[in-house]
Amino acid sequence: MQLRIKAGSAAENFLRQQRFVNDVSHELRTPLTIIRGYVDLLESCGADDPDLFKEAVSSIKKSAQNMQNLIESLLFLARADQGHQPLNKIPVDLDDLLKKFVEEYPSSRVQITKLTHCRILADAEFLKKMFAAFLENALRYSPPDTVVKVELTSSGDEATLKFIDKGIGISKEDCAKIFDRFYRTDKARTKLSDSENSVGLGLSVAKWIADRHDIEIKVKSKPGEGSTFKLIIPTI
Ligand code: ADP
């Protein structure tokens, strides 16, 4: 027998909450297991082995960083859900903001290939957080010897910002789900090691920020060839 659960009902909320607790527990378990494993190893023989000591410290550091990122994303989304995430929108030169933002990344991996002047009404800090989600995914899911292109053009009362990568790509079915909380494609799971920083919340945060700025997100992708995330942004 299959139970029919009404959208928005108490049963649906309960199931959603249960899934959420499962997801969070699962995501915390991996870094904690790594930390426990290395601490045990250090306790038994690590202090006498400099290579093992270095490896343990680096892995513990990465796992702690992953947990911190997870908790920060969860807090962000919790505040957003409760309406406690105030935005301070002011006129912003998007081209300047983008240029400064990209300078933080290695030029061998990220290049701005088109840059048009455009002014928008936005909270710059939130926008940078959103750009980081797209750019860091583009870098994470593409080979290290490829370049991620960033293009900013404008036409009429819209700016178009694209993040273009030549990475693993996303199937059509997955494209519909990647903005869901904790969703990761199987390809992404197998490509990344446990210590890499990926929990499936970056795009949920990015989508929330985009919605608050009336930004439309379009994804074009082909498995094995790469992805383009296109943002259509109202200008002033
Ligand atoms: P994560 O922290 O796992 O990257 P996101 O919410 O940012 O979480 O992304 C969700 C999933 O969407 C990723 O796990 C990955 O499967 C897929 N994805 C996002 N961006 C890309 C991209 N540029 N190329 C390939 N897959 C991507």
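Taken as a whole, the structure leaves Gln111 outside the set of residues that are in contact with a Phe, Trp or Tyr (Cβ under 9 Å, 6 or more places away or on another chain) and not in a helix (DSSP H, G or I). Among residues of segment 201-219 that are farther than 16 Å from Asp123 by Cα, those with a beta-carbon under 7 Å from a residue that is among the polar types (S, T, N, Q) at least six positions away or on a different chain give the pairs Leu201/Ser73; Gly202/Asn137; Val219/Ser227. Taking segment 211-236 as the range and being within 13 Å of the ligand (Cβ to nearest atom) and surrounded by 18 or more Cβ atoms within 10 Å (Cβ to Cβ) as the test, the residues that pass are Ser221, Gly226, Ser227, Phe229. Under 6 Å between Cβ atoms, at least 6 apart or on separate chains: pull out the pairs that start in segment 25-39 with a residue that is of a type in the set (A, V, I, L, M, F, W, C) and end on any residue that is part of a helix (DSSP H, G or I) and open to solvent by 40 Å² or more (accessible area, probe 1.4 Å). Close Cβ pairs satisfying both conditions: Ile35/Ile60.
Would you check which residues across segment 114-166 are in contact with a Lys or Arg (Cβ under 6 Å, 6 or more places away or on another chain), in contact (Cβ under 8 Å) with a residue 60 or more places away in the chain and either farther than 24 Å from Trp208 by Cα or within 11 Å of the ligand (Cβ to nearest atom) (or both) and list them? Scanning segment 114-166 gives Ser142, Ile164.
The values are calculated or read from the model by the stated rules, or taken from the named source; none is laboratory data. Quick caveat, the model's predicted, so the values are computed rather than measured. Please note: Cβ atoms are built from the backbone with ideal geometry, for glycine as well, and neighbour counts cover all protein chains shown. Surface areas here come from the heavy atoms of the whole protein model, side chains and all, with no ligands, DNA or RNA. Shrake-Rupley method; radii C 1.70, N 1.55, O 1.52, S 1.80 Å.
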